[in-house]
1. Confirm whether Pro266 is open to solvent by less than 20 Å² (accessible area, probe 1.4 Å) and either at positive phi or within 9 Å of ligand 2 (Cβ to nearest atom) (or both).
2. Considering only the stretch 313-336, state which residues are within 23 Å of the chain's Cα centre (by Cα) and without any contact (Cβ under 8 Å) to a residue 12 or more places away in the chain.
3. Consider the stretch 333-346. How many of its residues are within 12 Å of ligand 2 (Cβ to nearest atom) and open to solvent by 10 Å² or more (accessible area, probe 1.4 Å)?
4. Of the residues Val177, Val185, which is under 19 Å from the mean Cα position of the chain (by Cα), surrounded by 20 or more Cβ atoms within 10 Å (Cβ to Cβ) and in a strand (DSSP E or B)?
5. Would you mention how many residues in the stretch 149-179 are modelled with pLDDT under 95 and among the small types (Gly, Ala, Ser)?
6. Would you tally the residues in the stretch 92-106 being free of Cβ contacts under 8 Å to residues at least 40 places away in the same chain and more than 16 Å from Arg129 (Cβ to Cβ)?
7. Residues being surrounded by fewer than 16 Cβ atoms within 10 Å (Cβ to Cβ) and either without any contact (Cβ under 8 Å) to a residue 12 or more places away in the chain or more than 9 Å from ligand 2 (Cβ to nearest atom) (or both): count how many of those fall in the stretch 295-311.
8. Go through (1) away from ligand 1 (no atom under 13 Å from the Cβ); (2) open to solvent by less than 40 Å² (accessible area, probe 1.4 Å); (3) in a loop (DSSP other than H, G, I, E, B) and name the single condition Phe330 misses.
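The values are calculated or read from the model by the stated rules, or taken from the named source; none is laboratory data. Values in this document were obtained by computation on a predicted structure and should not be read as measured data. Using ideal geometry, Cβ is built from the backbone for each residue, glycine included, and neighbour counts are taken over all protein chains shown. Calculation scope for accessible area: heavy atoms of the full protein, side chains included, ligands and nucleic acids excluded. Shrake-Rupley method; radii C 1.70, N 1.55, O 1.52, S 1.80 Å.
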Amino acid sequence: MAGSPASNCSNTLVDHVILDLDGTLIDTETLLDEVYAKIVWKYGKKWEWDGIGLIKRLGKRPLEVAASLVEDYELPCTADELLDETLSHVETMWSRAKALPGATRLLKHLRAHKIPIGLASNSPAKNIRSKLAYQPGWLESFKVIVAGDEVKEGKPSPEIYLEAAKLLKARPSSCLVIEDSPTGVNAGKAAGMKVVAVPSIPSKIARALYSGADSVLNSLLDFRPELWGLPPFQDWVGKALPIEPWYLGGPVIKGFGRGSKVLGIPTANLPTAALGSQLSQHVCGIYLGWAGLSNRGVYKMVMSVGWNPFFDNAAKTVEPWLLHDFPDDFYGEELRLIVVGYIRPEANFSSLELLIERIHEDAEIAKAALDLLPFSSYQDDKFLTTPLAKQ
Ligand code: ADP
Ligand code: RBF
Ligand code: MG
């Protein structure tokens, strides 16, 4: 499959999995960003939403993060004061942290196959408990939990992972770590473990920072347990993975102006405002679903979400191709989408022809899969055709 790792290069099999929490299983980064922005603004400074700061903060312990923010933003307070202020804000926010795509699926799968799971997080034990409390079934999934305040040194020291392995009674070399931060990846490698990275920062910036990992994935949706000697997922239907459906809609607007012209594949674009937080919440990749145009009908649909590496776009967009021949275009019409399955990560290609060929293959996969349950059942959803005013 294009863009996904063909194998794990080490051929070593594992029988234990140790997971990081923030940024790997739940999306706490988005919440924390909101809090930092508020505090920094209070001190008269402007928060940089560029993702560069995130690279510095990822996987650090809270006090270290506070210290680097005080320095970078020249804040008139101590790291301790900033940390206290941050904590007073975030305490009430953990319930808003969402499970990342594929996280619950992974935990359920490992648990069903009796693979012992550890959790190794730099956060303090108290915060870990608060975060897990909002995710049904998660707490019971972990055989051991090691928190940042239960070890002498946080990541990138290997201590937290070694402690988790000890409690699991596992040899480090038989443990697989899954991590989103470079710091965490380094901790896992220093502990002598296999490490899969699922970067929570845009892949353009990310690759070099994760060179220590045994494999770098686009998201947990691309994790193939069998490459590590673990039981494979069996929830793919045809060549697509059912996901919690997401609903979006809005008037069709002009896009990059190259879909039909350059690729011969028109994609109907929606305004960013209509997508809201959906755009940041969902991982980049190729998806399938149903599209509704209220005056025309309901159609099968295949789409890409992301930066289109082949064209190296500056913005993340949603590009739905309706699998139907229309006699004309339909700018301005209300388009409704229910996204029901995942096909693959976004990829780069050595030629335009190969990109086009791959997109047509995606369309064939979508056409076939959308006839199967559970994908087919969404075809009759009223959301697809209800005129705006009546909803
Ligand atoms: P743009 O850059 O404006 O998105 P495209 O070349 O990608 O231009 O063409 C997309 C437009 O083509 C859509 O907005 C829609 O009006 C029209 N269109 C016609 N057939 C289709 C189709 N099967 N799927 C998506 N859009 C289509
Ligand atoms: N662009 C990429 O750069 N890499 C991809 O892997 C990729 N896959 C796509 C899959 C589908 C089903 C569709 C509809 C588009 C895909 N494109 C991909 C996006 C294509 O570049 C995009 O439609 C145009 O850039 C729109 O102007
Ligand atoms: Mg388009």
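1. Values: open to solvent by less than 20 Å² (accessible area, probe 1.4 Å): no; either at positive phi or within 9 Å of ligand 2 (Cβ to nearest atom) (or both): yes.
When the stated conditions are applied, Pro266 does not pass them.
2. Result: Ala314, single match.
3. 1
4. Numbers: Val185 fails: in a strand (DSSP E or B).
Just a single option satisfies the conditions, and that option is Val177.
5. Qualifying residue count for the region: 1.
6. Initial filter on the stretch 92-106 (free of Cβ contacts under 8 Å to residues at least 40 places away in the same chain): 92, 95, 104.
Of the ones still in play, those that are also more than 16 Å from Arg129 (Cβ to Cβ) are 104.
Qualifying residue count for the region: 1.
7. Looking only at the stretch 295-311, we keep the residues that are surrounded by fewer than 16 Cβ atoms within 10 Å (Cβ to Cβ), and these are 295-297, 311.
Among the residues that remain, those that are also either without any contact (Cβ under 8 Å) to a residue 12 or more places away in the chain or more than 9 Å from ligand 2 (Cβ to nearest atom) (or both) are: 295-297.
The number of residues fulfilling the criteria is 3.
8. The single condition Phe330 does not satisfy is (1).
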